[in-house]
């Protein structure tokens with residue numbers, strides 16, 4: 001008989017039991033091994049450029065490439081398209097249409113202009129010039145991530161998109177990933193992964209151009225590298241292992257819940273999973289379903305390791321479950337309850353929220369439209385899903401005439417006097433002289 005967490009029942013402010021450690025916490029003065037390794041890789045790529053990329057591609061990906069082999073050619077993409085089946089290309093096109101339709105609605109590029117007689121202040125919005133997208137290629141291939149990162153960038157108006165992804169032992173990139181890249185019009189693709197790929201995008205090499213922002217998920221070393229190069233370039237967020245929390249009442253379908261938990265467990269042994277429910281009977285049904293459904297899944301070993309950390313939390317009320325969820329701030333949240341729209345209003349922190357029995361997380365991973373690049377590790381408290389906004393930047397515009405400045409000078413001079421900045425005062429007064 002499985003054990004359940006009862007210690008939340010009756011607490012006014014229940015703890016989450018949701019620990020956050022993606023290898024990014026230095027733990028006081030103790031610097032983690034991964035951060036030392038990542039820092040070394042970044043510094044070497046910064047100094048030795050392509051030479052370092054070739055060295056680390058051989059060391060970590062197990063393949064020796066020449067300098068010209070780093071770049072994916074048009075011929076490689078042509079051959080990749082022959083290797084993928086027609087059904088995949090049709091599915092890719094359908095998913096692309098949904099993702100484009102959603103992100104076009106996000107697009108808000110209207111400039112702001114506040115005019116008062118002869119002066120005006122405003123704001124202009126422009127796309128980033130160069131963006132790098134990282135596509136994982138370790139435990140699985142992720143053509144869906146190509147769509148989810150590149151499409152919002154394209155819609156924002158980014159002209160130069162550079163894609164990096166690890167090669168396999170034969171020095172090739174997954175054919176399905178290349179087909180997705182062609183579908184969205186990416187023509188600069190490089191066979192480089194890990195921290196070295198992030199460093200190359202941040203600082204540039206002879207082969208890989210420097211970008212202004214890096215987006216896309218990766219392993220601990222990729223995430224650490226994004227953290228370390230932030231400031232030289234922009235980043236989307238620090239992504240950790242996938243997370244799924246399901247809030248369910250007694251009427252929920254145990255088979256659906258089990259399937260959704262398993263779907264996220266297969267991503268990584270570090271996946272974080274939780275079922276929050278008012279029904280012990282449902283929890284037991286879910287456990288039984290997991291044992292049955294896991295038998296037919298290919299990634300059983302990864303799933304079993306992930307399930308060891310799964311939490312089943314029994315609560316007295318769904319409102320108490322919502323309180324726990326807002327503390328967890330999960331990446332994915334499913335509301336498998338009678339009236340999900342009612343509880344949606346109460347959710348303050350979550351990356352993506354799925355309403356009802358027929359909106360599984362897998363739907364959002366592939367097809368629904370919103371990007372599946374989401375905040376993890378409780379960062380949904382302040383980060384948002386990847387969107388068109390991530391690829392836009394704004395500039396303030398200020399235009400005063402002489403008479404406008406003269407009207408404002410007394411106020412400006414007073415504020416500058418208080419701050420002791422007489423150079424500012426001079427910059428105003430010099431324009432007042434006739």
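Every read-out reported here was derived from the displayed coordinates using simple, explicitly stated rules and does not represent laboratory data. What you see is a predicted model; the values in this text were computed from it and never measured. Here the Cβ positions follow ideal geometry from the backbone for every residue, glycine too, while neighbour counts run over all protein chains shown.
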Tell me, what is the FRET efficiency for residue 47 and residue 188 to the nearest 0.05, using R0 = 22 angstrom and their Cβ-Cβ distance as r?
-> 0.40
Write down the percent of antiparallel bridges among all DSSP beta bridges whose residues are both part of the range 92-219, to the nearest 5.
-> 30 percent
Restricted to the chain, the DSSP antiparallel beta bridge percent, nearest 5, is 30 percent
How many angstrom lie between the C-alpha centres of the range 297-347 and the range 407-434?
-> 57 Å
Over all directions, what mean area does the Cα convex hull of the chain project, stated in square nanometres?
-> 27.8 nm²
Post the alpha-carbon centroid distance, the range 178-200 to the range 61-138, in whole angstrom.
-> 11 Å
Cα-based helix-to-principal-axis angle, 143-156 vs the chain, degrees rounded to 10 | 20 degrees
Does anyone have the angle between helix 33-48 and the longest principal axis of the chain? Alpha-carbon axes, 0 to 90°, nearest 10?
-> 50 degrees
Cβ density ranking, 10 Å radius, fewest first, applied to 183, 334 yields 183, 334
Most exposed to least, judged by fewest other Cβ atoms within 10 Å, 306, 141 sort to 141, 306
Using alpha-carbon coordinates, inclination of helix 280-293 to the longest axis of the chain, degrees | 80 degrees
Compute from the Cα atoms of the range 353-409 the Rg and the Dmax, the latter being the longest Cα-Cα distance, and quote both in angstrom.
-> 21.5, 64
Relative contact order of the chain (C-alpha contacts under 8 Å, at least 6 apart) in percent is 20 percent
